[in-house]
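Only the coordinates and a few stated rules stand behind these numbers; no lab work does. If you're wondering where the values come from, they're calculated on a predicted model, not measured in any experiment. Because the Cβ atoms are built from the backbone with ideal geometry, glycine has one as well, and the counts that use them run over all protein chains shown.
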Amino acid sequence: MYQKKRQNYKSKFDLIKDKDEEILWEDKPVFLPFISVGILQITLGLLIPLIIVLINYIGKFDLDYESYHWNVLIIFGIQFLFGLYQIFYNIFNYSNTSFAFTNKRVMFSSGYSFVDFKTIDYDNILELEVKANFIEKMFNVGTIRFFNGRTKHDEGNTTKLYDEWNSIKDVLTVYQMVKQISFDFKHSNNSKFSTNPSYKINNNYTQR
């Protein structure tokens with residue numbers, strides 16, 4: 001059934017997959033929650049100055065109000081501009097943003113005029129988790145995060161760097177599928193998901 005659905009469909013991931021590799025699932029993020037990360041940044045930009053003003057009002061601190069007001073505006077302005085940038089970045093990036101998993105690895109595509117690809121082999125996935133912010137919950141979508149050992153070091157602090165499938169439909173179903181395939185890939189020399197049709201779910205990717 002899956003193969004029949006893909007007969008007349010050209011996936012951008014066909015450009016990078018191996019000859020013996022099969023795309024088992026592919027989809028795009030849902031548009032509105034995908035761009036909403038910028039809205040969250042703008043909301044945060046409003047909340048922080050309001051909290052500062054409220055603390056100052058309750059505490060009645062003796063402050064230089066001219067510099068105080070400028071500091072509040074700067075904090076809001078930085079968050080607002082960053083949020084606005086994130087919204088437009090995701091809008092222009094959306095057409096080339098897709099996610100997929102195969103019988104060998106997970107795949108990511110993004111980019112403006114050119115498509116950038118990234119893949120993570122199943123045996124390199126160290127952590128796999130699912131999350132959803134409050135806007136994603138409103139749209140019944142979520143984000144799957146992959147950790148393959150990349151970290152960032154800053155003044156003695158180590159931060160994990162995750163790759164993400166953002167704002168995808170049926171997130172728990174897809175999460176369980178990837179989790180099971182990753183487990184089988186790591187624990188079986190003869191990957192059973194390549195021959196077991198129960199691992200294949202309908203390809204609900206639609207070209208936008």
Checklist entry - For a label point 7 angstrom out from the Cα of ASN93 toward its Cβ, which stretches of the range 108-140 have the backbone nitrogen within less than 12 Å? => result 109-112, 116
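Given a cut-off of 21 Å, name the pairs among LYS19/LYS169; LYS17/LYS104; LYS118/LYS179 whose C-alpha atoms lie farther apart than that in the structure shown.
Numbers: LYS19/LYS169 28 Å; LYS17/LYS104 9 Å; LYS118/LYS179 19 Å.
Those over the limit are LYS19/LYS169.
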Checklist entry - In whole Hz, what ³J(HN,Hα) sequence does the range 21-29 give by Karplus (6.51, -1.76, 1.60; θ = phi - 60°), x for Gly and Pro? => result 9, 10, 7, 8, 7, 8, 7, 10, x
Next on the checklist: List the residues, sorted by chain then number, that are 5 or more residues from GLY142 or on another chain and whose placed amide H is less than 5 Å from its amide H.
Outcome noted: SER167, ILE168, VAL171
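Would you please put 97-108, 117-128, 149-160 in order of how densely packed they are, using the mean number of other Cβ atoms within 10 angstrom per residue and starting with the highest? Spell out each step's value before the answer.
Numbers: 97-108: 21.7, 117-128: 15.2, 149-160: 8.7.
Most protected by this proxy first, the peptides run 97-108, 117-128, 149-160.
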Item to check | Sequence-distant aspartates and glutamates (8 or more away, or on other chains) whose Cα lies within less than 20 Å of LYS131 | outcome: GLU26, ASP27, ASP163, GLU164, ASP170
